[in-house]
Each structure stands twice: as C-alpha cells, then as structure tokens.
Amino acid sequence: MSKTITLKRGKEDSLLRFHPWVFSGAIANLPEGLEEGDTVSVVAADGRPLGTGHYEIGSIAVRMLSWDNEADIDASFFATRLAAAWQLRERLGLVRPADNTTFRLVHGEGDFLPGCVVDVYGNTAVLQAHSPGMHYARHDIARALTQLPGAGITNVYYKSETTLPYKARLDPVNDYLIGGFETNIALENGLRFNIDWLKGQKTGFFVDQRDNRALIESFSRGARVLNMFCYTGGFSVYAMRGGASLVHSVDSSAKAVALTDANIELNFPGDTRHTAYAEDAFKYLTDMPAGAYDLIILDPPAFAKHRSAIKNAMVGYRRINAAAFRKITPGGILATFSCSQAISKEQFRLAVFTAAAQSGRKVRILHQVTQGADHPVSIYHPEGEYLKGLILHVE
Ligand code: SAH
C-alpha cells in the first residue's frame, strides 16, 4: 500500500485535467514517514482518489505516474509504459535500423513517465533520472529497456549525476546499469554521428533538432553556412550533405569543435568545405565581415534556465540575433532557436523581432519550428514544449 497525500480544498482541478505535477503549496498534509522517491496516492480534500505519483521535496512535490490510485508502480508498470513509447517511435517512422538508430524514446511527462528521459543510440540507451523516484526505479527501467521486443537494446548507461536534485543525497553514479561500451556511432537520417554519452552534454547528442537539421539541409545547396553553437556539428553535417559550398562551425568549447570535426570526417572524409573554430559566439558574430554567410544557424544553450534569468536571456537573444541580421547576405536565411524552458514562444519572438527591427532589414518568417515528435508534449502540460525556432528570410 502506498502512502496517501491529501490536497487542500479546490486544489484537485489541474490533476483532474491530467496536469502531471502537484505543487507543494497544494498539499494539506504529508503522511508520517514519507521519504523522497516514495510512491504516493493522491486524494482530494473530500477523499476523492486522483492518482499515483512519485514524491519529492521541492516546489514540485509529486510527479503523477498514473490517474489510477490503485496502480502498482513496479517493473511491469515501467515495461508497459516503455512498450507504448517504443510503439509510438515505430509509428513515427523513427525506428529504421538501416538509416536511423537514434531518437528519444522517453520524454518525461510527454510519455507519461515524468522525471525520466531515455535517448536511444543504436544498441545503447542513455537513461536520465530527474526525480528521486525515477532514480530508485532505474534498475526496473533498465531491465525493461533491454526486454523491449525487437528493440535490440543491450546496453543501458545511467547518466543522472547532474540531473537529480543535488540536495536529494542519492549519490548517483554515471555508469552502465546493463552491458557496457560497444560502439558510439549512431545513425540519424542516414548520417553518422559519434555520440559521447560518457562526457558529452545531456545524453551526448541533441536529438530534438533532427527535423530542423533536415530542414536546414534543404536550404543548403550552394550556400555559405555558419553553424554557431555547433556542439557535435549536427547542423553542419546536414548542410554538407545538402550541398553547401562552405560550412563554418563555431563553438566556444574546444571539445565541441573536435567532436564536430570528427563527425564531418566520419561522413565526408577529406572534404575541405568545412572548418570549425573554437571561439566565443558574441566575438565571432561581431568580428565577422558582413556578407560572408547566406545561411546562419544560431542554436545557443539555454540562456534562461530559471525564471530569474529571463531578462538577461532576452538581452542575449536580442544581441546574437541582431548581429546575425546585420551581417547575413541579402536574401539569406537565418535559423534561430531557443531551448530555454523559461522563455515562451512569444518572448523569444519578441527578442528576435526587436533584433530584426534594430537591424533595419526586411525579415519574413518561413517556418516556425519546435522539437521533434519523439519529444511529445502533453496538451495539459505546455511546460513540456521547450524548443522554439524561427526560420527567417532576410532581405
Ligand atoms: N546546435 C547544437 C546544440 C548546441 S548546444 C546541436 O544541434 O547539437 C550549445 C553549445 O553552445 C554548446 O556546445 C556550448 O559549448 C556552446 N556555447 C556556449 N556558450 C557559448 C559562447 N558564448 N560562444 C560559443 N559557443 C558557446
């Protein structure tokens, strides 16, 4: 029997609408002996059952796993949820062993497994827990991953040192839960990428940009391309295949530049169209001559990880976009992104609008884009939509 958390009067509405979080302020009382990571039943003030979730200390107190109060959150629960997630990826056409072996299999709330992220790279799944409950469930999840019919996952790497609340004292260790290192080369739309899940950012690759990389490929023929904040060079590799005449990749991290060079070499050995530079974005954008690029990609790290940083983030987005607008060749295309959860689509658009207006250039929106379909967003949980992009034509 799981312990029961009772909500304050009137605080059940969002749960009845399938919003997956219970905020600490909505809770009337916590049961005796409740520990972080425990599975709890949640009931309304009048005793009406609302569902089952993982408890943690913090402003989000419960992440809902099921709208059934009797749900057993056990190995078979995780196996069922993972199988549903796998089926969706198959349905989306992402499971294509011959040319696409990388995708997000579990996107937290969007796959009804809040606090859990799983990215698949060929035979290896990289598992991230963002909540103590998912940390405790990691072995059940890992086993279920290797038992998914037809998936062929033989290695599960656990990477939660930086994603778990540090106060939780769980002492997570980044390591293989099952299997070990085999190969780190994954395929995305027929292109090959070295994925560094051991030392790379996030799970090693930004899977969320797949569709946008393909879009950039379609605009690349004959273009001189600048891929700013290149990390593993995803956009650069696609631009090369799209027929760019020149691709410059820039990242302040020397490691990222080396990763990009390696990925270009893996797909286009000896191709001299590409050069990568380890430089600061603001400096590079300020120093580069006007008219040097016909296609510019700006995919910076999250400038605002929390609400408190929104103001500075808006200034950051405005500055880099203003520089790109000033310098891009007439008739050029600017692909500009924000992955800050705390910045809304409207705020991001305002920052880009302001930058465009400051540059005095005529700008049209060609595409408004977001994360790939393997990062689904519950319609009741708009917070899950974090990636925003504008593909712009600049006269
Ligand atoms: N576009 C990438 C993901 C970008 S992640 C992809 O598709 O995979 C953000 C990158 O920005 C990181 O690699 C980080 O090293 C780099 N970065 C952070 N601050 C920077 C700065 N001031 N100038 C240049 N690069 C920066």
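Across the stretch 348-395, what is the total count of residues that are out of contact with any Leu (no Cβ under 6 Å at 6 or more places or on another chain), among the polar types (S, T, N, Q) and in a loop (DSSP other than H, G, I, E, B)?
Total satisfying the criteria: 1.
For the condition modelled with pLDDT of 95 or more, under 20 Å from LEU390 (Cα atoms) and part of a helix (DSSP H, G or I), what is the one hit in GLU217, GLU265?
Being modelled with pLDDT of 95 or more, under 20 Å from LEU390 (Cα atoms) and part of a helix (DSSP H, G or I) holds for just one of GLU217, GLU265, which is GLU217.
Does any residue of the stretch 315-327 turn out to be away from the ligand (no atom under 16 Å from the Cβ), among the aliphatic types (A, V, I, L, M) and either part of a loop (DSSP other than H, G, I, E, B) or farther than 22 Å from TRP21 by Cα (or both)?
There is no residue in the stretch 315-327 that is away from the ligand (no atom under 16 Å from the Cβ), among the aliphatic types (A, V, I, L, M) and either part of a loop (DSSP other than H, G, I, E, B) or farther than 22 Å from TRP21 by Cα (or both).
Among the numbered criteria (1) modelled with pLDDT under 95; (2) away from the ligand (no atom under 16 Å from the Cβ); (3) outside any loop (DSSP other than H, G, I, E, B), which one does ALA309 miss?
Against the list (1) modelled with pLDDT under 95; (2) away from the ligand (no atom under 16 Å from the Cβ); (3) outside any loop (DSSP other than H, G, I, E, B), ALA309 comes up short only on (2).
Could you give every pair whose Cβ atoms fall below 7 Å, whose first residue belongs to the stretch 117-146 and is at positive phi, and whose second residue is surrounded by fewer than 19 Cβ atoms within 10 Å (Cβ to Cβ) and not in a helix (DSSP H, G or I), counting only separations of at least 6 or pairs across chains?
Cβ pairs passing all conditions: GLY122/THR183.
For the stretch 268-299, enumerate the residues that are near the ligand (Cβ under 9 Å from one of its atoms), exposed (fewer than 15 other Cβ atoms within 10 Å of the Cβ) and part of a loop (DSSP other than H, G, I, E, B).
Hit for the stretch 268-299 is ASP280, nothing else.
Can you find, within the stretch 242-262, the residue that is farthest from the ligand (Cβ to nearest atom) among those that are within 17 Å of LEU226 (Cβ to Cβ) and touching a residue at least 40 places away in the same chain (Cβ under 8 Å)?
ALA244
Six or more apart or on different chains, Cβ atoms under 7 Å: show the pairs whose first residue is in the stretch 204-220 and more than 9 Å from the ligand (Cβ to nearest atom) and whose second is assigned to a helix (DSSP H, G or I).
From residues that are more than 9 Å from the ligand (Cβ to nearest atom), the pairs are ALA214/TYR238; ILE216/PHE235; ILE216/TYR238; ILE216/ALA239; GLU217/TYR238; GLU217/ALA239; GLU217/ARG241; SER220/ALA239.
Kindly provide the set of residues from the stretch 178-225 that are of a type in the set (Ser, Thr, Tyr) and more than 20 Å from VAL126 (Cα to Cα), ordered by number.
Within the stretch 178-225, SER218, SER220 meet the criteria.
Given the conditions (1) in contact (Cβ under 8 Å) with a residue 60 or more places away in the chain; (2) within 13 Å of the ligand (Cβ to nearest atom); (3) assigned to a strand (DSSP E or B), which single one is not true for LEU187?
LEU187 satisfies all of (1) in contact (Cβ under 8 Å) with a residue 60 or more places away in the chain; (2) within 13 Å of the ligand (Cβ to nearest atom); (3) assigned to a strand (DSSP E or B) except (2).
State which residue is farthest from ASN267 (Cα to Cα) when the search covers only the stretch 192-203 and only residues that are outside any loop (DSSP other than H, G, I, E, B) and away from the ligand (no atom under 12 Å from the Cβ).
ASN194
For the structure I just gave you, tell me whether LEU226 is in contact with a His (Cβ under 9 Å, 6 or more places away or on another chain), in a helix (DSSP H, G or I) and within 16 Å of the ligand (Cβ to nearest atom).
No; evaluated as a whole, the condition is false for this residue.
Can you name the residue in the stretch 187-232 that is at negative phi and of a type in the set (Gly, Ala, Ser) and, of all such residues, is surrounded by the fewest Cβ atoms within 10 Å (Cβ to Cβ)?
If we take residues in the stretch 187-232 being at negative phi and of a type in the set (Gly, Ala, Ser), then SER218 is surrounded by the fewest Cβ atoms within 10 Å (Cβ to Cβ).
List the strands (runs of 3 or more DSSP E) that sit entirely inside the stretch 42-160 and contain at least 3 residues that are over 28 Å from ASN267 (Cβ atoms).
Qualifying strands (runs of 3 or more DSSP E): 49-55, 60-66.
Can ALA45 be described as in contact with a Lys or Arg (Cβ under 6 Å, 6 or more places away or on another chain), modelled with pLDDT of 95 or more and not polar (S, T, N, Q)?
yes
The values are calculated or read from the model by the stated rules, or taken from the named source; none is laboratory data. Here the structure is a predicted model, which is why all the values come from computation and not from measurement. As a convention, Cβ positions derive from the backbone with ideal geometry for all residues, glycine included, and neighbour counts pool all protein chains shown.
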